[in-house]
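Undergrad: Below is the structure I would like to discuss, written out as structure tokens.
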Amino acid sequence: MSELKFKRVLLKLSGEALAPQEGSGIDPHAANEIALHVKSVVEMGADLAIVIGGGNLWRGKIGIEVGMDQATADYMGMLATVMNSLVLMDALEHIGVTTRVQTAIQMQSVAEPYIRRRALRHIEKGRVVIFAGGTGNPYFTTDTAAALRAVEMHADILIKATKVDGIYDSDPRKNPAAKKFDTIRYIDALSMQLEVMDSTAISLCMDNKMPVLVLNLWENESLKKALSGEKVGTLVIP
């Protein structure tokens with residue numbers, strides 16, 4: 001078992017991580033691939049909790065643009081995160097990783113309600129916990145939910161998994177000369193409007209000194225390398 005620099009980790013995934021190559025929806029093969037990445041770090045001895053978005057199924061801003069009430073649109077997004085969480089739980093259980101889904105919106109037929117102390121006990125027993133339903137409140141993103149759960153679970157780090165290998169001063173897909181940061185301060189990420197996470201999430205991490213690592217989950221076992229202390233992605237620090 002490798003020595004871990006970060007023992008307890010909150011992994012933030014976008015809903016798009018579960019989407020097919022083309023279009024929206026859920027691709028079970030994508031869920032299986034993510035599950036294998038998760039299993040690899042669980043086998044290293046990491047305590048892992050996950051927050052996943054719902055953008056592959058529903059984006060609240062689409063409803064808002066056509067006149068939908070924002071709270072209603074946001075609640076629909078929360079329900080989408082529950083569907084994604086169940087898919088990922090099933091993929092993890094199929095490869096032998098004991099997993100629990102807790103949701104901030106009570107639906108006892110499909111998932112446990114979010115209870116902080118129960119979630120901590122699950123993690124201490126080596127189970128992966130997936131937090132669904134965002135914060136349970138409209139007007140907050142799943143980035144903010146991830147920051148909140150990371151603080152509540154006493155995580156050593158919040159890892160935001162993307163399909164880009166870190167934070168750049170501009171979009172590297174549009175600007176070949178974009179500069180990548182190895183480290184950046186919270187306040188600089190906010191002032192430069194780098195869209196690492198929304199401002200509420202970054203502020204919550206900053207207030208609680210929660211480091212944030214942005215990396216490409218699908219690149220060269222980056223998650224395992226990050227937990228072992230190798231330089232991967234971009235670290236957001238005080």
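Undergrad: List, please: which pairs have Cβ atoms under 7 Å, are six or more places apart or on different chains, and start with a residue in segment 149-162 that is on the phi > 0 side of the Ramachandran plot and end with one that is surrounded by fewer than 23 Cβ atoms within 10 Å (Cβ to Cβ)?
TA: His154/Arg8
Undergrad: A further question follows. Yes or no: Glu230 without any contact (Cβ under 8 Å) to a residue 40 or more places away in the chain and touching a helix residue (DSSP H, G or I) at 6+ places or on another chain (Cβ under 9 Å)?
TA: Considered against the rule, which asks whether it is without any contact (Cβ under 8 Å) to a residue 40 or more places away in the chain and touching a helix residue (DSSP H, G or I) at 6+ places or on another chain (Cβ under 9 Å), Glu230 comes out as yes.
Undergrad: While we're on this one: With respect to Gly126, determine if the residue is modelled with pLDDT of 95 or more, crowded, with 18+ Cβ neighbours inside 10 Å and in a loop (DSSP other than H, G, I, E, B).
TA: Against the criterion (modelled with pLDDT of 95 or more, crowded, with 18+ Cβ neighbours inside 10 Å and in a loop (DSSP other than H, G, I, E, B)), Gly126 does not qualify.
Undergrad: Separate question: Is there a residue in segment 140-148 that is under 29 Å from Lys39 (Cβ atoms), touching a residue at least 40 places away in the same chain (Cβ under 8 Å) and of a type in the set (D, E, K, R)?
TA: Checked segment 140-148: at least one residue is under 29 Å from Lys39 (Cβ atoms), touching a residue at least 40 places away in the same chain (Cβ under 8 Å) and of a type in the set (D, E, K, R).
Undergrad: Would you point out the residue of segment 204-238, among those that are farther than 26 Å from Glu16 by Cβ and among the polar types (S, T, N, Q), that is surrounded by the fewest Cβ atoms within 10 Å (Cβ to Cβ)?
TA: Step by step, filter segment 204-238, then rank; the result is Asn208.
Undergrad: Okay, moving on. Give me the residue from segment 54-101 that is in contact with a Leu (Cβ under 7 Å, 6 or more places away or on another chain) and not hydrophobic (A, V, I, L, M, F, W, C) and, out of that set, farthest from Gly23 (Cα to Cα).
TA: Among those residues, the one meeting the criterion is Thr99.
Undergrad: Ok, one more. For segment 1-16, name all the residues that are under 14 Å from Leu223 (Cβ atoms), surrounded by fewer than 23 Cβ atoms within 10 Å (Cβ to Cβ) and not charged (D, E, K, R).
TA: Answer for segment 1-16, where residues must be under 14 Å from Leu223 (Cβ atoms), surrounded by fewer than 23 Cβ atoms within 10 Å (Cβ to Cβ) and not charged (D, E, K, R): Ser2, Leu4, Phe6.
Undergrad: Confirm whether Arg116 is over 18 Å from Leu217 (Cα atoms) and loosely packed, with under 13 Cβ neighbours inside 10 Å.
TA: yes
Undergrad: In addition: I'd like to verify a number: residues in segment 204-216 that are part of a strand (DSSP E or B) and in contact with a helix residue (DSSP H, G or I) (Cβ under 7 Å, 6 or more places away or on another chain), how many?
TA: 4
Undergrad: For segment 192-203: of the residues being hydrophobic (A, V, I, L, M, F, W, C) and assigned to a loop (DSSP other than H, G, I, E, B), which is surrounded by the fewest Cβ atoms within 10 Å (Cβ to Cβ)?
TA: The extreme case among them is Met192.
Undergrad: Scan segment 56-73 for residues that are buried (at least 23 other Cβ atoms within 10 Å of the Cβ) and either in contact with a strand residue (DSSP E or B) (Cβ under 7 Å, 6 or more places away or on another chain) or not polar (S, T, N, Q) (or both) and jot them down.
TA: Gly60
Undergrad: Now, a different point. Among the numbered criteria (1) surrounded by fewer than 19 Cβ atoms within 10 Å (Cβ to Cβ); (2) touching an Asp or Glu at 6+ places or on another chain (Cβ under 9 Å); (3) closer than 21 Å to Lys39 by Cα, which one does Lys180 miss?
TA: Condition (3) is where Lys180 drops out.
Undergrad: Here is a further query. Output the strands (runs of 3 or more DSSP E) that fall wholly within segment 1-108 and possess 1 or more residues being among the small types (Gly, Ala, Ser) and under 23 Å from Asn137 (Cα atoms), or say none.
TA: Because the criterion is at least 1 residues that are among the small types (Gly, Ala, Ser) and under 23 Å from Asn137 (Cα atoms), the strands (runs of 3 or more DSSP E) in segment 1-108 that meet it are 47-52.
Undergrad: If you go through segment 129-161 one residue at a time, how many are assigned to a helix (DSSP H, G or I) and over 12 Å from Met210 (Cβ atoms)?
TA: So the count comes out to 4.
Undergrad: Is there any pair linking a residue in segment 105-132 that is more than 19 Å from Val151 (Cβ to Cβ) to one that is modelled with pLDDT under 95, with Cβ under 6 Å and at least six apart or on different chains, and which?
TA: Cβ pairs passing all conditions: Pro113/Gln106.
The values are calculated or read from the model by the stated rules, or taken from the named source; none is laboratory data. As the structure is a computational prediction, the values presented were derived from the model and not from experiment. Cβ: placed from backbone, ideal geometry, glycine included. Neighbour counts: every protein chain shown.
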